[in-house]
Amino acid sequence: MKEKIKALLDEIRGLNATRVEEVEALRIKFLSKKGEVSVLFNEFRNVANEEKREVGQLLNELKNEAQDKINSLKEHLSDAAGQTEKSDLTRSAEPIRLGTRHPLSLVKNEIVDIFSRIGFTIAEGPEIEDDWHVFSALNFAPEHPARDMQDTFFIEQNPDVVLRTHTSSVQTRVMTKQKPPIRMLFPGRVYRNEAISYRAHCFFHQVEGLYIDKDVSFADLKQALMYFAKEMFGESTEIRLRPSYFPFTEPSAEMDISCNLCGGKGCPFCKHTGWVEILGCGMVDPNVLENCGIDSKIYSGYAFGMGIERITNLKYQVKDLRMFSENDVRFLEQFKAAY
Ligand code: PHE
């Protein structure tokens, strides 16, 4: 019996384990109900009386030592596991992915920056508007097609509530509150009820500009727009103004720039005309000034409005409008710029 205890003690002292599961297997082997230490305890009955005291002591020592050994193996392993997780200070950190500004924000900021250099400041207004600010104040006749369900998102319960179809509604808001001179830009999102495709979306972004003062002329408008076109697309850019119609400007025009891809020579992008349209503009209709409480005999003004998506397409040749709102990181990451 004593020899058996000694042999087991030696075996236990020499135990080693590299994984937690191994330690558990050892515990079962030695300390469980049918384990080797327990088996010896069972045999204790057969020990001669005069040896019981000595053997009993040895058995208890064996059991304690076995328990200590198993516990220390366990502790050692969990310590080691903790260390590999925490302490490799030389490991490089997880790379942090830097976000980039959205291309539409880049271009909006650039437009705002260019006009701010000639004195324009910014105002913003609500996207959910009423009919008066979007249409009536801006001289839209009651039966004007832009009010049609095809174009405008109405709130069914109340046709007076609309999603603004252009940022000209902010122009109305500013003119009713502020006295001229007004020299402001209105950037923002607008909504139109269009089928979504590569070249149309149900929402897009505009920047509108408004300048009202005494003696503002069409020549001032042309000068400001030419300055913008050259700043935005390069010194050699040319502009041309074509007569057009908007209810809120008279006279009205659309502005083309010489195609910045082919330099005006003609290419598929400009449909071989050498020109691409970028904005609408005109002299603020006296009716609009009067609707907003500005005396049209003293003041005159010009306004222009452009789609940010269109300018962005010209700058970066984005072929599909839907990419602007899909938030695909592979697309967005390509726009790393200073603005
Ligand atoms: N609001 C017009 C549009 O959405 C653009 C525009 C603004 C035209 C100002 C003239 C003057 O198409």
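The values are calculated or read from the model by the stated rules, or taken from the named source; none is laboratory data. Because the structure is predicted, anything quoted here is derived from the model rather than measured. Reconstructed Cβ throughout: ideal geometry from the backbone, glycine too, with neighbour counts over all protein chains shown. The protein model used for the area step is the full one, side chains on, heavy atoms only, and it has no ligands, DNA or RNA in it. Shrake-Rupley method; radii C 1.70, N 1.55, O 1.52, S 1.80 Å.
Tell me, please, whether a residue that is out of contact with any Lys or Arg (no Cβ under 6 Å at 6 or more places or on another chain) and under 19 Å from F228 (Cα atoms) can be found in the range 317-337. Within the range 317-337, not a single residue is out of contact with any Lys or Arg (no Cβ under 6 Å at 6 or more places or on another chain) and under 19 Å from F228 (Cα atoms). Sort out which residues of the range 224-266 are more than 16 Å from the ligand (Cβ to nearest atom), under 28 Å from P180 (Cβ atoms) and out of contact with any strand residue (DSSP E or B) (no Cβ under 8 Å at 6 or more places or on another chain), and write them in order of number. Answer for the range 224-266, where residues must be more than 16 Å from the ligand (Cβ to nearest atom), under 28 Å from P180 (Cβ atoms) and out of contact with any strand residue (DSSP E or B) (no Cβ under 8 Å at 6 or more places or on another chain): Y227, K230, E231, M232. Of the helices (runs of 4 or more DSSP H) lying entirely inside the range 286-339, the ones with 2 or more residues being touching a residue at least 24 places away in the same chain (Cβ under 8 Å), assigned by TED's automatic domain parsing to the domain that holds E254 and within 22 Å of V190 (Cβ to Cβ) are found at 286-291, 308-316, 323-326. In the range 267-309, of all residues being among the acidic types (D, E) and within 16 Å of the ligand (Cβ to nearest atom), the one that is most open to solvent (accessible area, probe 1.4 Å) corresponds to E277.
Candidates are the residues of the range 189-199 that are open to solvent by 20 Å² or more (accessible area, probe 1.4 Å) and part of a strand (DSSP E or B); the one that is farthest from S116 (Cα to Cα) is S197.
Only one entry of V112, V107 meets the criterion of being closer than 21 Å to Q178 by Cα, part of a helix (DSSP H, G or I), open to solvent by less than 40 Å² (accessible area, probe 1.4 Å) and assigned by TED's automatic domain parsing to the domain that holds E309, and that entry is V112. Just one of the listed residues (F140, F186) is open to solvent by less than 70 Å² (accessible area, probe 1.4 Å), modelled with pLDDT of 95 or more and not in a helix (DSSP H, G or I), and it is F186. Could you tell me whether the range 153-162 includes any residue that is within 13 Å of the ligand (Cβ to nearest atom), in contact (Cβ under 8 Å) with a residue 40 or more places away in the chain and either over 14 Å from C281 (Cβ atoms) or surrounded by fewer than 21 Cβ atoms within 10 Å (Cβ to Cβ) (or both)? No - not one qualifying residue is present in the range 153-162. In the range 210-261, what residues are part of a loop (DSSP other than H, G, I, E, B), open to solvent by 70 Å² or more (accessible area, probe 1.4 Å) and polar (S, T, N, Q)? Correct list: S236 only. Could you check the range 148-175 and list, in sequence order, the residues that are more than 19 Å from C292 (Cβ to Cβ) and of a type outside the set (F, W, Y)? Across the range 148-175, the qualifying residues are D148, M149, Q150, D151, T152, I155, E156, Q157, N158, P159, V161, L163. Close contacts from the range 226-251, counting a first residue that is within 17 Å of E277 (Cβ to Cβ) and among the hydrophobic types (A, V, I, L, M, F, W, C) and a second that is within 15 Å of the ligand (Cβ to nearest atom) and open to solvent by 70 Å² or more (accessible area, probe 1.4 Å), with Cβ to Cβ under 8 Å and a gap of 6+ residues or different chains, come to I239/K222; L241/K222.
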